Amino acid sequence: MSAGQPHLIVATPRDSETQRWAQHFRDAYPQWRVDEFVPGRTATGAHYAVVWKPDACLFSQEPGLRAVFNLGAGVDAMAASIPAGMPLYRLEDAGMAEQMAEYALYGVLQATGRFRPYEEQAREGRWKAHRPVDRRQWPVAVLGLGVIGRKVADLIASLGYPVRGWSRTLRQAGFPCYAGEQGLQECLASSRILVNALPLTPQTQGLINRDTLARLLPGAYLINLARGAHVVDEDVLEALDSGRLAGALLDAFTQEPLPQDHPFWGHPGVMVTPHISGITLREQALEQIGSRIALLHQGREAGGRVNAALGY
């Protein structure tokens with residue numbers, strides 16, 4: 001067991017964000033020391049770092065760090081900066097899963113056109129009922145069955161859509177699950193809506209490409225709520241223009257903010273959102289990170305540790 005109270009340092013790309021999160025931790029854990037990272041300053045002696053896309057010099061400036069806690073679920077942005085062997089912990093849900101499940105469901109409703117006729121009729125003052133969507137014609141593939149992907153898949157399945165899931169290793173669920181390269185091909189071939197909830201790793205980078213999209217059922221729809229680097233933009237645009245894809249709801253991009261001259265802006269088949277499908281909720285994040293720091297400081301194990309070999 002470590003003597004004394006935990007000592008934290010907070011590091012993010014913006015001073016205002018760093019100050020805000022540092023104050024949140026001070027308010028939530030007033031007995032702890034919480035510092036704000038400033039490049040070039042003398043080491044504070046912090047035990048734990050709470051970060052979001054931190055400057056790599058954090059780790060040389062603070063050699064006493066015992067563990068790092070990421071203010072998000074994805075840790076791909078940390079891969080190049082964190083020292084080998086440094087324990088890294090990520091948020092597991094913290095209120096994001098429900099948001100991302102809602103986002104995916106909105107995409108499914110966009111794909112099926114469930115309310116599109118009524119939106120048009122309302123503008124024209126017309127009263128006419130349409131046949132309901134046949135959900136059997138809109139099977140959904142969810143790539144990634146971690147906490148977030150499973151929440152997405154369970155919600156969509158609960159509404160009667162045929163759901164299939166794919167992950168690195170085979171999972172058990174109340175819907176068909178696949179794993180491996182052959183499993184991915186089978187999952188895609190029987191799906192019309194593709195929801196990407198994968199972690200970004202060298203193996204999944206560029207996975208949403210020409211070949212992947214070509215295996216989906218005709219008139220397919222893409223929903224990306226993971227990382228922009230999963231998607232080959234040119235291949236998505238080609239699939240949209242050829243009619244292979246009927247549309248796409250995209251929340252993450254290789255370059256953010258998305259450049260104003262990017263073809264996704266203004267494309268009739270694309271809806272762009274500014275990486276808002278799962279926003280970290282402050283109270284849940286504070287509780288989750290704080291409880292894990294308390295466990296580590298007592299010499300105990302804590303959940304959420306990233307497997308360095310897998311990248312998540």
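Descriptive notes on the structure:
- Per residue, the average separation of C-alpha pairs within less than 8 Å and at least 6 apart gives the chain a relative contact order of 16 percent.
- Residue with peak Gaussian network fluctuation, the chain [Cα springs, cutoff 10 Å], from R192, R164, R114: R114
- Here the range 31-126 exposes an accessible surface that is 50 percent carbon and sulfur, computed with a 1.4 Å probe and the other protein chains kept in place.
- Each part reduced to its alpha carbon centroid, the range 253-291 and the range 14-83 end up 22 Å apart.
- Between E301 and I279, the contour length at 0.36 nm per residue exceeds the Cα-Cα span by 5.2 nm.
- Here the Gaussian network model covers the chain, with springs between Cα atoms less than 10 Å apart; of K128, K151, K53, K128 fluctuates the most.
- Relative contact order %, the range 215-288, counting alpha carbon pairs below 8 Å whose residues are six or more apart: 32
- For the chain, adding -39500 (n - 2.57) for each run of n ≥ 4 DSSP H residues and dividing by the number of residues yields -9500 deg cm²/dmol at 222 nm.
- Order of exposure, largest accessible area first, which applies to S81, S158 with probe 1.4 Å: S158, S81
- Of all accessible heavy-atom area on the range 189-312, the percent that carbon and sulfur account for (1.4 Å): 53
- At R0 = 22 Å, FRET efficiency that the Cβ-Cβ distance of E120 and M271 yields, to 0.05: 0.85
- Taking the Cα centre of the chain as reference, the dipole from Cβ charges on Lys and Arg (+1) and Asp and Glu (-1) amounts to some 780 debye.
- Once the Cα gyration tensor of the chain is diagonalised, semi-axes √(5λ) in Å: 40, 20, 19
- For the chain, accessible area per residue (1.4 Å probe, heavy atoms of protein chains only), Å²: 49
- In sequence order, calculated HN-Hα J values of the range 155-164 (Karplus, 6.51, -1.76, 1.60; Hz; x Gly/Pro): 5, 5, 5, 5, 9, x, 7, x, 10, 10
- Within the listed set A141, A179, A104, the residue fluctuating most in the Gaussian network model of the chain (springs between alpha-carbon atoms under 10 angstrom) is A179.
- Backbone HN-Hα couplings from phi across the range 227-239 [Karplus 6.51/-1.76/1.60, Hz, Gly and Pro as x]: 10, x, 6, 5, 10, 8, 4, 4, 6, 5, 4, 4, 5
- Positive-end residue, the chain charge dipole about Cα centroid, Cβ charges, pick of H130, G299, P6: H130
- Fully extending the segment from H130 to S291, taken as 0.36 nm per residue of separation minus the present Cα-Cα distance, adds 52.8 nm.
The values are calculated or read from the model by the stated rules, or taken from the named source; none is laboratory data. Predicted model, so just to flag it, every value in this text is computed and none were measured. Cβ coordinates were reconstructed from backbone atoms using ideal geometry, including for glycine residues, and neighbour counts include every protein chain displayed. Ligands, DNA and RNA are excluded from the accessible area calculation, which covers all protein heavy atoms including side chains. Shrake-Rupley method; radii C 1.70, N 1.55, O 1.52, S 1.80 Å.
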